[in-house]
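Every number here is computed from the coordinates shown, using simple stated rules; none is lab data. This one's a predicted model, so the numbers in the text were calculated from it and none came from an experiment. Positions of Cβ are generated from backbone atoms using ideal geometry, with glycine treated the same way; all protein chains shown enter the neighbour counts.
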Amino acid sequence: MTAKKTPVFVQRRTYRRRRVADGARLLPVFGGILFLIPLLWEGDPAGAEAVPDGARTAWVMTYLFVVWFGLAVLSGVLARFLVAEDDGGDEEGDS
Amino acid sequence: MVTLNVLVLVCLLYVAFLFAVAFGADRAALVGRGTWLRSPIVYTLSLSIYCTAWTFYGAVGFAARSGLEFVTIYLGPTLVMIGWWWTLRKMVRVGRSQRITSIADLISSRYGKSNTLAVFVTLVAVIGLTPYIALQLQSVTLSFATFAEADPFTDAPPSQQSTAFWVAAGLAVFTILFGTRNLDANERHHGVVMAIALEAVVKLFALLAVGVFVVWGLAGGVDEILARIDSSPIARWEVPGSRWVGLTLLSAAAFMCLPRMFQVMVVESEDEDHLRMAAWAFPTYLMLMSLFVVPIAVMGLELMPEGANPDLFVLTLPLRNGQEGLAILSFLGGFSSATSMVIVAAIALSTMVSNHIVMPIWLWSTGGGAMVSGDVRSVALLARRLSIAMILFLGYCYFRLSGGGTALAAIGLISFVGVAQFLPALMGGLFWRGATRSGALAGLGVGFVLWLYCLFLPSFGASEIMPYSVMQNGPLGIGWLRPQALFGADGMDPVIHAVMWSLLLNTCTFLGVSLLTLPKPIERLQGAQFVNVFQHSQTPGSWSGGLARSEDLMIMSQRIMGASEAQAMFSKEARKQGIAGYLPEPTPDFLQMLERELSGSVGAATAHAMISQIVGRATVSVEDLMAVADETAQIMEYSSKLEAKTEEQARTARQLREANEKLTQISVQKDAFLSQISHELRTPMTSIRAFSEILRDSEGLSEEERNKYASIILEEATRLTRLLDDLLDLSVLENGQVVLNSQTGQLSDMLDRAVSAAGVQDRLRIHRRREAEKITLHTDLDRLAQVFINLISNAGKYCEAPDPALTIRPQAENGNLVVDFIDNGPGIPTDQQAMIFEKFSRIGQTKAGGAGLGLAICREIMGRLGGDITYLPGQEGAAFRVVLPLREAATVQAAQ
Amino acid sequence: MGKKVILIEDERNIIEAISFILSRDGWEVKTHSNGHDAMQAVRDRRPDLVILDVMLPGKSGFDILQEIRDDAELGATPVLMLTARGQQKDREMAERAGASRYMTKPFSNAEVLEAVRDLVGP
């Protein structure tokens, strides 16, 4: 980004910041949904031989930890860009 | 083989190390060093007390029993943490801005500082967490027992009870030492936080080490372990959806509501910005803690004998495989998990107990007479310490009673459900302005009762506390009231059942009662403060933003009115409101009264501004107000300084007056002097003029008359000349412009000269002692002679004895030349002796020729010569003493 | 028969000068040279005019003037005051004290004669 301080630039930046905050609010919802997905993989209780891939503990575990790690990374990225701006506050000043 | 003694030794060394770390951190914080103590990484690590022994040991057991379900306990907090922007940030901000000391304090503050609510929350927390603390004791005890069993040299392993007792006692000592060192206003404990951060590292490292050993040491790699998972009893992904969702929500709720989590997350928070790092680092920490749980469980199930406690796989797997070092590390990890949780939980609970139960009772019992703040502080510290001991003792008792048999995970979940009851009141308080105290109280009450009924009491086992018949058929045979099948919800998992009903009814009651009841003004005020905390507090980190805190008002009032007055007023008001202590509720009446009082000191407008700002609605921070208060104090100080200055000015004025008087005196003296000069000049001139005119105008004057009148003219002209000479001489002497001309001479010669110059031989007999006059002088001989001449001629003029005589008596005395001039006349009256050296002073009748300057000149000359001339009273006649330092004279000469 | 004048003055040369001038003008001049008993001398002589110096040994000329003015018999006697102090405030003091005439030394003989003649009148 250039350091050019035009109103357009500031507005765009504020806009972006607001969207980052929205993202931060949505992240737990997004994470929650991802964590719920394994529930869809409930396998057929009968017959351990024919366990589908999704219903294997090892598979779900791998999935969960990948999602987990991904969420942590995402959260870190968002946290970096989140500016301590007051909720609903109209402070437009950047810095 | 690791003996039990070695283990105890290692354990003690570890504890000593923790003590040292805590102590060092406290010291560093005390002297202001150690910003590293409060880095975001330490904050994040301190959050890890969420992972207790339940995680360290219990998670593996949980996994061994129910597969991946254990992970829900960590998914919940992960979701909360990555949603920090939404909830935690607000909690931390509110906690900091309102200077919240515990979750009970937060809830009570939100609902109008209701102590009833605080007491209730405290009780729920204590009851809910006692099993949890017992769980930690149990885990340490079990781990000890595991080593004891493996120790071939120990015949009689120590009883579990005694181990638990000593662990509890040691933890109590540590907690009291570092948790109640001081009563910091913001309740921060640097030493404790540092110690638990360290323990966080130890437990993570230990668990990872065991995990690595299991995966790569026992199983033989990642692929291998995945295959073994597939072939294990928990290979199938068959988690009930209700438990998956329910436990995730439960753990999320507990993460926010657990008093110990609140303690590290909000109370100990140094900077709101630390959440930024915790947002990603803490989920990562949780993930790492969970990473090897399933592999360890699987390998444990595979390798350990049938019936081995899966809760201890973390310990027994390395032990069984001869990895004693790893086992000890693992033991320390579990020990760390247990101790850090107990320490922080004890601190958090003791804060609540002492602040909301003990202190109010104490203040009430002492009749609110505790006016001295130091008094209250010592009592509060004592209450805090007793509370810690009591909480740990309760935990120990629970451990004894329950027999330590229940699976770790079950106990943990029971506690979770208990504290989760705070959630509706907490979230409602933070996000909904309509929430009322009655609603919170009712909701909490309903939730608490349901928790007790559905989960807590049944957990003791059927027919222990709750009769078997009630469990089976409901109280009084009412089937739909069965504790684990409420309202006909049969066949549900007991925990999920309890969570569902307690939280559901809790929330509904909370919402319903809040809608039906009207909040008190203070509740509305606080509600606005909490919900709109971001509008009220401009800068994160400053406890700001219009807080209707009696304490703030009190602090401000004390600064303005003075401590004792403010305290008296506040305690009087508090008594009127029926509250013990001296912090009344800031009711509108009280605020109005306070405003009136303050306006007496700072003016009505300022007082109004200060009150309205401290009470809310304004964006000025309390710190600003404090600054205003300080300014007022400064103004008062300034005005007292002004008073002092006024005094000083009075002093100056007095000095000025004195100076003025002096000047006036000098002016008067000057007038008198001029007047004298005028007189002394005009008098001879009158004669001169008169006789001049007579000589000029009068005819027929005889030669004799002519001569006489001419003589008079001459005489008066001479007098005038002499007067002018004297005046000039005196002026020169007085201005210090005189140049001394030092010479060496004999006193006798000088006296001869003086006597002859005075020209009084014909009418004055002079007695001298020649032999005494043989003194060599080195001084301005001419000036000294002038003095002598003056004295001798004065004697000649004024000695009124029939046979006038003057005795001149010189002597050398103490390095001084002393010459006395004593005549045989009547002398000078005592009252006039002081005046004779003043200008124009003349004694008795004027004799022509004296201007009254002679003695004044003598005095000036003697001063110049370093000596003095004084009147010598008590002699036969007028006596003058001339003193001249012989050596001084030489010095004066040398100086020139 | 010349008018009687009493001269109260402490400087002998001035006494001599004034006595000479007034005697030549036909006045009967008595002199007195100190303040203490000046009032007595005035009572004794009952002069037509008093010439009074301000600075007298023993008593101030103003005090003597005050006594003269306060005296029932002598109160109307004209008084010529002489002073060697030429300041304005001395003149004012003299006038307040009731001096008939005020002269500053040194004076000319003609002035004295004129003043004396004026004060005593024909």
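Once the Cα atoms of the stretch B:655-730 are picked out, what are the Rg and Dmax in Å?
Cα only, the stretch B:655-730: 19.2, 67 Å (Rg, Dmax).
Put a dot 7 Å past each Cα toward the Cβ at B:L303 and B:Q761; how far apart are the dots in nm?
For B:Q761 paired with B:L303, the spin-label model returns 14.5 nm.
Could you check the spin-label model distance between C:E67 and C:R12? Points 7 Å from the Cα along Cα→Cβ, value in nm.
A separation of 2.4 nm, rounded to one decimal place.
Roughly speaking, what is the centre-to-centre gap between the stretch B:195-211 and the stretch B:493-513 when only Cα atoms are used, to the nearest Å?
Value for the Cα centre distance between the two parts: 36 Å.
Just checking the output field for B:68-78: average partner chain Cβ neighbours within 10 Å of each residue's Cβ?
Average per residue, whole number: 3.
Amide H of B:L806: which non-local residues (sequence gap of 5 or more, or other chain) have their own amide H closer than 5 Å, using H built in the peptide plane?
Counting only residues 5 or more places away or on other chains, the set is B:R765, B:I766, B:H767.
Calculate, for A:V66 and B:I361, the FRET efficiency according to 1/(1 + (r/R0)^6) with r their C-beta to C-beta distance and R0 60 Å; round to the nearest 0.05.
Plugging the Cβ-Cβ distance into 1/(1 + (r/R0)^6) gives 0.65.
By the scheme Lys and Arg +1, Asp and Glu -1, what is the net charge of all other residues having a beta-carbon under 12 Å from that of B:L315?
-2
Evaluate E = 1/(1 + (r/R0)^6) for B:N532 and B:E658, where r is the Cβ-Cβ distance and R0 equals 60 Å; express this FRET efficiency to the nearest 0.05.
0.35
Convex hull volume of the Cα atoms in the stretch B:709-789, per residue, in Å³?
108 Å³
Can you give the FRET efficiency for B:I41 and A:I33, using 1/(1 + (r/R0)^6), R0 = 22 Å, r = Cβ-Cβ distance, to the nearest 0.05?
FRET efficiency, B:I41 to A:I33: 0.15.
For the stretch B:217-347, what class follows from the C-alpha gyration tensor (a ≥ b ≥ c being the square roots of its eigenvalues): rounded when a/c is under 1.5, otherwise prolate if a/b is larger than b/c, else oblate?
Note, shape of the stretch B:217-347 comes out prolate.
For the stretch C:4-120, what does the alpha-carbon gyration tensor say about shape, rounded, prolate or oblate, given a ≥ b ≥ c as the root eigenvalues, a/c under 1.5 as rounded, and a/b over b/c as prolate?
Here the stretch C:4-120 falls in the rounded category.
Whole percent per 5 Å bin, from 0 to the bin with the longest distance: what is P(r) over all C-alpha pairs of the stretch B:738-895?
Result, from short to long distances: 2, 9, 19, 24, 21, 14, 8, 3, 0, 0 percent.
How would you order B:789-799, B:246-256 from highest to lowest mean count of nearby Cβ atoms within 10 Å?
B:246-256, B:789-799
B:D671 versus B:N741, label points 7 Å from Cα toward the beta carbon: distance in nm?
4.1 nm
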